[in-house]
Amino acid sequence: MRVTQDVVARALGHLAATDVPEFLSRQRWFGSKGRALLSVALLDCSPLGDTLPGPWLTLVEATFAEGPAELYAIPLVIRAAEGRGRLVGRLDAAPTPLWAYDALDDSGARSTLLGAFERGETFATEGGRARFTRTGMFPSLRSPESRSSRRVASEQSNTSVIYDETLILKAFRKIAPGINPDCEVAGFLTTRTEFPHIPLLAGTLEYFGPGGFEATLGMLQHFVPNQGDGWTFTLDHLKGFYANVRGHPEPGRASQLVREVSAGFLATVRRLGGLTGALHVALASDSADPAFAPEPIAADDVHGWAAAFIRGVTATLDELRNHVGTLSGALRNQAQAILDRQADLATQARGLETLTRNGCVKIRIHGDYHLGQTLRTADDFVILDFEGEPARSLAERRAKYCPLRDVAGMHRSFDYAAAVALREWAGDHSGGTGLFEAWGEAWARVAAETFLEGYEAEARRAPARLLPASRGAVTAALAVYELDKALYELRYELNNRPTWLPIPLRGLSRILGSRTGG
């Protein structure tokens, strides 16, 4: 009996049930490690070419003891002998033993994927088809024999491969039905706007299954040479900032001194704010496309957003209340101070009412905006990853919102950067962090103000009204989104990094204080 496509497909079904569960549990991109995995089943598969063994596309469904099932894409390379890479398992494909590895570790399989984009190939799967499409931004490439590729070591919910420092493939792992927002937004900005500060879209990989099921499995973009992400760039600056203010008493003119010490960095922050405003103007530029056309923020929108915010306040503080007894003295006091202000927190939702009074519009936004979603180039930035918050549903990630939600995400990122950089800097220096915390808070406040100044200068150029007319109204709505983000951070730290709880707790206290005059 020779090895045929049918034989491999049957063996992959057995592999999914027996070896893939353990493989999934070891992957950083597997987001449900906290749930009991009951089973994994093969949903569909196809070889990506005529060579057996060789690369295969596989889709599996993971079911859990509680909660919904999840669909994952696992590109595999089938080999006739054991080798290097992430082993998924051995295939029962008698009489020939075969081994299945993660295809993105294999240079030959990576080359096959790129060639499929280049040729715009479509492959028939067991239950549907997989389509590789190239856009007009697909560049001229070197000959296949001279191409190089490498898998990016760091990964979150996706896996990336860089080709010749020219293209980057983002392979989505957890798959949801419908177009992926990252691919959708990047495609819109690439083909229908002149906003250049993104990696341009060069190709897409889509899957079409039974019953009209459609999903995005991957996207190919231009690779942007860079000096690292905005988060690392900011931490590096902050360590120098803390060194520069060491020995200064806490001054009454902290903001002025921050502007002097961090003048060069703040110029880049203002630039990033301007780019963010220009991004939102571009996303609001097509009134004819229902998926991107700006829409007036209605009273029902504000009511729904406010209700969701209040539910978040209740759920987060209930969770904090359950943990408060386990916290140390100072941290317990911080937590109790927030718990005592639950009513104040809930009333902040009224700040969103200004959006309808000012005739503001809702648009497509980034949705998960922070310093780590930017890359620092030679003298500028590019903006990455338009998927939105991974925990949200696809419908939520594709919905339209007030763009101040993105601004709030960046403001909270400055606050986190100041705190994390201080932790790292203080570990190498004696003398404690008490005085430096005040400097960090002053720095984060000035950085947020500078970012907002740059943002407003560009966002107010949009034909549609993205922002309320006055700075006071902007501040009122922005505070709600900053509080909502800090509540999300609090939930995350409670369950993952309890020693980091002071960061969102102090953030909540400061935002509340600024809104109540405290």
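Descriptive notes on the structure:
- Screening the candidates 200, 220 for the property of being touching a His at 6+ places or on another chain (Cβ under 8 Å) and touching a residue at least 60 places away in the same chain (Cβ under 8 Å) yields one hit, 200.
- Within the span defined as region 462-483, every residue fails to be of a type outside the set (Val, Ile, Thr), modelled with pLDDT of 90 or more, under 24 Å from the mean Cα position of the chain (by Cα) and more than 28 Å from residue 357 (Cα to Cα).
Yes/no matrix, rows are residues, columns are (1) in a strand (DSSP E or B); (2) closer than 15 Å to residue 21 by Cα; (3) over 29 Å from the mean Cα position of the chain (by Cα):
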| site | (1), (2), (3) |
| --- | --- |
| 46 | yes, no, yes |
| 53 | no, no, yes |
| 57 | yes, no, no |
| 63 | yes, yes, no |
| 68 | no, no, no |
| 72 | yes, yes, no |
| 77 | yes, no, no |
| 83 | no, no, yes |
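- Residues in region 295-327 that are closer than 19 Å to residue 466 by Cα and over 27 Å from the mean Cα position of the chain (by Cα): 298, 299, 300.
- Filtering region 165-206 to residues that are part of a strand (DSSP E or B), within 12 Å of residue 218 (Cα to Cα) and in contact with a helix residue (DSSP H, G or I) (Cβ under 7 Å, 6 or more places away or on another chain) leaves 169, 171, 201, 203, 204.
- Summed over region 287-312, residues that are β-branched (Val, Ile, Thr), under 19 Å from residue 487 (Cβ atoms) and in contact (Cβ under 8 Å) with a residue 40 or more places away in the chain total 1.
- Annotation: of all residues in region 373-423 being part of a loop (DSSP other than H, G, I, E, B) and of a type in the set (A, V, I, L, M, F, W, C), the one that is nearest to residue 269 (Cα to Cα) is 378.
- Summed over region 143-168, the residues that are within 16 Å of the chain's Cα centre (by Cα) and at pLDDT 85 or above give a count of 3.
- Any hit, region 237-255, residues being outside the structural domain of residue 56 (by TED's automatic domain parsing), of a type outside the set (Gly, Ala, Ser) and under 21 Å from residue 369 (Cβ atoms): yes
- Selection from region 148-171 of residues that are crowded, with 17+ Cβ neighbours inside 10 Å and either among the small types (Gly, Ala, Ser) or in contact with a Phe, Trp or Tyr (Cβ under 9 Å, 6 or more places away or on another chain) (or both): 149, 158, 159, 160, 163, 167, 168, 169, 171
- Considering region 434-518, the qualifying helices (runs of 4 or more DSSP H), each wholly inside and each with 1 or more residues that are of a type in the set (Asp, Glu), run over 434-459, 471-496.
- Scanning region 49-74 for residues that are surrounded by fewer than 19 Cβ atoms within 10 Å (Cβ to Cβ) and out of contact with any Leu (no Cβ under 8 Å at 6 or more places or on another chain) turns up 49, 50, 51, 52, 66, 67, 68, 69.
- Checked against the criterion of being without any contact (Cβ under 8 Å) to a residue 12 or more places away in the chain and among the hydroxyl-bearing types (Ser, Thr, Tyr), region 159-181 contains one or more residues that satisfy it.
- Residue list for region 113-139, restricted to those being touching a helix residue (DSSP H, G or I) at 6+ places or on another chain (Cβ under 8 Å) and among the polar types (S, T, N, Q): 133, 135
- Annotation: residue 245 fulfils all but one of (1) more than 20 Å from the chain's Cα centre (by Cα); (2) crowded, with 19+ Cβ neighbours inside 10 Å; (3) closer than 21 Å to residue 121 by Cβ; the unmet one is (3).
- A search for C-beta distances below 6 Å between a residue of region 32-50 that is in contact (Cβ under 8 Å) with a residue 40 or more places away in the chain and any residue that is acidic (Asp, Glu), counting only pairs 6+ apart in sequence or on different chains, returns 43/61; 44/126; 45/126.
- Test: residue in region 212-224 that is out of contact with any Phe, Trp or Tyr (no Cβ under 7 Å at 6 or more places or on another chain) and assigned to a helix (DSSP H, G or I): yes
The values are calculated or read from the model by the stated rules, or taken from the named source; none is laboratory data. What you see is a predicted model, and the numbers here were worked out from it, not measured in a lab. Don't worry about glycine lacking a Cβ; one is built from the backbone with ideal geometry, like all the others, and counts go over all protein chains shown.
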